[in-house]
Ligand SMILES: [Zn+2]
């Protein structure tokens, strides 16, 4: 294990909160062990996979500093303790970020080039890189495919809540559109892929106890699915702008995703990346599958249009 640079004293400035994909910053820390090389900078447009809710994967791309080029294959949130040993992300045992750790964004280095030629990490003078200016270029095509999938996941959850409202026999917390929030009550896992999101819900005892009539829902799943597809595609056609708001760009501060659906402003807490306007998504197809053994509902939302360019080519 080799650490070059100083322990960061504050969370990385996260420019993905502004939907940036290109920026400049400074290298502050290089970490190397047998399994990985991690590069930490003072600011970055690379979106990291969240530490405790791993929905949107980390960005890929290139970071250049002087004559050195780092090929980045993944980006992750990395809690670094404010004192004591600096451990790699896979050896950190806290369950969620706390105030004894600084939350940095770690770029996972796949390969290194010096003057354009393939090199190994040991060829680099790591000391001389600390404090150097770096230029960031996020893989924009990959990011765009994650943006459309992530925004679609949020629209899907509002549509799920709307079309399952009639299956609640008790009051429960509502989403910002005013519907009972099945999504927040039952979500077990959310995964974002390029042009696709996959959300898994648990319909266990506690959900039933809180008043959700799961059997009635399962008996009507075909109708719910049809209605959700109609609703989400209609919302996309409303072409509302999407914004991401928050008080600070420090990684980990609370951010809120906002848009307008049926003339009503809606919001969800979210630190991911998104389209700037719902119309960028184009048509989507949502499928619901209930597994009675697992008592789980899996919803797959597919973005049919691969990119805005593809739509233009089709005329
Ligand atoms: Zn989100």
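Pairs are defined by a Cβ separation below 8 Å, a sequence spacing of at least 6 or placement on different chains, a first member in segment 269-281 that is without any contact (Cβ under 8 Å) to a residue 60 or more places away in the chain and in the same structural domain as residue 151 (by TED's automatic domain parsing), and a second member that is more than 15 Å from the ligand (Cβ to nearest atom) and in a helix (DSSP H, G or I); the pairs so defined are 279/236; 279/237.
In the set 10, 32, 24, 69, only one residue is surrounded by fewer than 17 Cβ atoms within 10 Å (Cβ to Cβ) and closer than 28 Å to residue 118 by Cα; that residue is 24. None of 165, 188, 141, 153 is surrounded by 23 or more Cβ atoms within 10 Å (Cβ to Cβ) and either away from the ligand (no atom under 16 Å from the Cβ) or touching a residue at least 60 places away in the same chain (Cβ under 8 Å) (or both) except 153.
The sole residue among 271, 204, 252, 222 that is on the phi > 0 side of the Ramachandran plot and out of contact with any helix residue (DSSP H, G or I) (no Cβ under 6 Å at 6 or more places or on another chain) is 252. Only one entry in 115, 85, 74 is in contact with a strand residue (DSSP E or B) (Cβ under 6 Å, 6 or more places away or on another chain) and more than 24 Å from residue 226 (Cα to Cα), namely 74.
On inspection, residue 176 fails the criterion of being within 15 Å of the ligand (Cβ to nearest atom), outside any helix (DSSP H, G or I) and touching a helix residue (DSSP H, G or I) at 6+ places or on another chain (Cβ under 7 Å). Considering 222, 271, the condition of being outside any strand (DSSP E or B) and within 15 Å of the ligand (Cβ to nearest atom) is satisfied by 271 alone. Evaluating residue 63 against the criteria (1) in a strand (DSSP E or B); (2) in the same structural domain as residue 300 (by TED's automatic domain parsing) leaves one unmet condition, (2).
From the list 297, 244, the one residue that fits, being more than 16 Å from the ligand (Cβ to nearest atom), surrounded by 14 or more Cβ atoms within 10 Å (Cβ to Cβ) and part of a strand (DSSP E or B), is 297. Evaluated against (1) modelled with pLDDT of 95 or more; (2) within 12 Å of the ligand (Cβ to nearest atom), residue 249 falls short on exactly one condition, (2). If you go through segment 274-292 and keep only what is part of a strand (DSSP E or B) and closer than 23 Å to residue 222 by Cα, you end up with 284, 285, 286, 287, 288, 289, 290, 291.
The values are calculated or read from the model by the stated rules, or taken from the named source; none is laboratory data. This is a predicted model, so every value here is computed, not measured. Reconstructed Cβ throughout: ideal geometry from the backbone, glycine too, with neighbour counts over all protein chains shown.
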